[in-house]
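Asker: I am attaching a structure below and will ask some questions about it afterwards.
No value in this document is a laboratory result; all are computed from the given coordinates. Just so we're clear, the structure is a prediction, and the values are computed from it rather than from any experiment. Because the Cβ atoms are built from the backbone with ideal geometry, glycine has one as well, and the counts that use them run over all protein chains shown.
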Amino acid sequence: MLTGCTVAETTASADVAAEESESEQVLTAALAAADEILAANENSTTVNPDEWDPEPGTTIALAGTTATVDGSGASVAGDTVTITAAGTYLVTGALDGQLVVDAPEDAVVALILDDATISSASSAAVSVVSADDVVISLEGDSFLSDTASYAEDADVNATLFSEADLTITGEGSLTVVGNGNDGITSEDDLVILSGTLTVDAVDDGVRGKDSLTIEGGALDVTAGGDALKSDNEDEETRGYIHLAGGTLELVADDDGVDATTDIVVTGGETTVDAEGDGLNAETVLFVAEGVIDVVDSYEGLESAALTIAGGTVDVVSSDDGLNGSSSAATGGQGGGSDGSTIVISGGTVTVFAGGDGIDSNGDAEVTGGTVISTSPYTGPEAAVDTSGDFSGSSFVWTNVDAAIGDAVQVVAEDGTVVAEYTTVQETASIFVASAQIEAGASYTITVAGSEAVSVTGDEVLEFDDSRGGPGGGGQRP
């Protein structure tokens, strides 16, 4: 008996170890694929901790409508402080005015904001007009607010604005109020390494024109436009967003995360509540790891090439949950494939959609992971819909009625339960794709423990958008 127990425990341990090894291999492959996408873009510029001096050479004490400077490289004229040289500057106190960085184009300027408050009634609170790289290091609790409006042709148009590459780091906090336009903007690369940031802006919250990278920290962004944005439209290797870490709470009147080219997710926890799309990338949207929770959106995740290779993705949308759509192509929406793709090869994906759950205007492929996709009980919408081909695992599909809370199972001839799900809404049809389903084999669908229908596994799924279902008949899956 003891030997038997030992063997059982050893076998169980071996099974667990095998599963963990396989999971690690899947994650490694997903991260490698993400690295390839990032490598095809221009490298983002980050000023790492060992690349700037944390000891300030100059202290700037803000005092109402003026300031005093102890050290070199900065001067005061009325309510404006101007930094003109490379170095590290400690900024503390409160100013009704503006801090300007106008340093040589090869200068690295570090601003340590230590309980600093800057409010400008005429422009940006902090404006970087010239430098090579700028670091904002957060200590204590700091606050920035800007003017109520900018001219339409204004070069500076955000509360924290930079013409140079911008890195935000530190263990303190920063609250940014964008009264006139954006909250934080870099016209080059913007990298957030750490810190606690709260941004409330009438337009975009956090914008890196060439690229936006978030590696850590806690961000709480409320935006009248997009919460996170990268929008270089002139260079195909820029205009991308990399979410690698941190905890992000995003509320947007437009998109939660919007990139002109790519969005790559390799970590972090992102919660999105958006009037537009949760995450929108014109070229590639790739999720390798991390958590994405789109609690409300018009469409959840959208891109011409949408891939989920790992992580956890939850989507609630009023229209399509996952949407493969190429804005530069014709076709789709009943007009044939537009060349877009949706690929799910790993992770856990849950979609509750008011339109199609998974909708590709081109092809769709599901080869791994766990996917639950739901669409409305009635109407032309589907849990899965493509204008091109659906491929991956074999599947079963059938019309079947189930009430909220019913346990639905797919049972093989030998009694093995190959899939099960408890419904959270009234159900008219089900579609199940699984590596455990074999083409040509027979399966029984049970609802609330009672046999409902017998089906046969298949490998080919044909959609007819003009009729609203697979092969043009019945409810869509």
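Asker: Considering region 20-62 alone, what residues qualify as being assigned to a loop (DSSP other than H, G, I, E, B) and of a type in the set (A, V, I, L, M)? Lay out the reasoning, then the answer.
Answerer: The initial filter retains those residues of region 20-62 that are assigned to a loop (DSSP other than H, G, I, E, B), namely 40-48, 52-57.
Across region 20-62, the qualifying residues are Ala40, Val47.
Asker: Among the residues of region 242-263, is there at least one that is part of a loop (DSSP other than H, G, I, E, B), in contact with a Gly (Cβ under 9 Å, 6 or more places away or on another chain) and touching a residue at least 60 places away in the same chain (Cβ under 8 Å)?
Answerer: The answer is yes; a qualifying residue exists.
Asker: Looking at region 225-241 only, could you name the residues that are in a loop (DSSP other than H, G, I, E, B) and touching a residue at least 12 places away in the same chain (Cβ under 8 Å)?
Answerer: Gly225, Asp226, Ala227, Asp231, Asn232, Glu233, Glu235, Glu236, Thr237, Arg238, Gly239, listed by residue number.
Asker: I've got another one for you. May I ask you to list the residues in region 266-308 that are in contact (Cβ under 8 Å) with a residue 40 or more places away in the chain, small (Gly, Ala, Ser) and crowded, with 24+ Cβ neighbours inside 10 Å?
Answerer: Ala274, Ala281, Ala288, Ser297, Gly300, Ser303
Asker: Another question, then. I'd like the full set of residues that are β-branched (Val, Ile, Thr) and either touching a helix residue (DSSP H, G or I) at 6+ places or on another chain (Cβ under 9 Å) or more than 7 Å from Gly321 (Cβ to Cβ) (or both), limited to region 351-366.
Answerer: Pass one, region 351-366, residues β-branched (Val, Ile, Thr): 351, 358, 366.
Val366 - this is the single residue of region 351-366 that is β-branched (Val, Ile, Thr) and either touching a helix residue (DSSP H, G or I) at 6+ places or on another chain (Cβ under 9 Å) or more than 7 Å from Gly321 (Cβ to Cβ) (or both).
Asker: Sticking with this structure for a sec: Just one of Val284, Val272, Val291, Val316 is part of a strand (DSSP E or B) and under 17 Å from Val343 (Cβ atoms); which is it?
Answerer: Only one candidate qualifies: Val284.
Asker: Tell me the residue from Asp262, Asp234 that is over 19 Å from the mean Cα position of the chain (by Cα) and closer than 18 Å to Ala281 by Cα, please.
Answerer: Selected residue: Asp234, the only one of Asp262, Asp234 that is over 19 Å from the mean Cα position of the chain (by Cα) and closer than 18 Å to Ala281 by Cα.
Asker: Considering only residues of region 207-224 that are among the small types (Gly, Ala, Ser) and in a strand (DSSP E or B), which is nearest to Gly290 (Cα to Cα)?
Answerer: The first filter runs over region 207-224 and keeps only residues among the small types (Gly, Ala, Ser), leaving 208, 211, 216-218, 223-224.
Now narrow it down to the ones that are in a strand (DSSP E or B): 208, 211, 218, 223.
Details: Gly208: 21, Ser211: 20, Ala218: 15, Ala223: 23 Å.
Among them, the one singled out is Ala218.
Asker: Then there's this: Can you tell me which of (1) free of Cβ contacts under 8 Å to residues at least 60 places away in the same chain; (2) farther than 27 Å from Gly354 by Cα; (3) among the polar types (S, T, N, Q) is the one Thr456 doesn't meet?
Answerer: Of (1) free of Cβ contacts under 8 Å to residues at least 60 places away in the same chain; (2) farther than 27 Å from Gly354 by Cα; (3) among the polar types (S, T, N, Q), only one is false for Thr456: (1).
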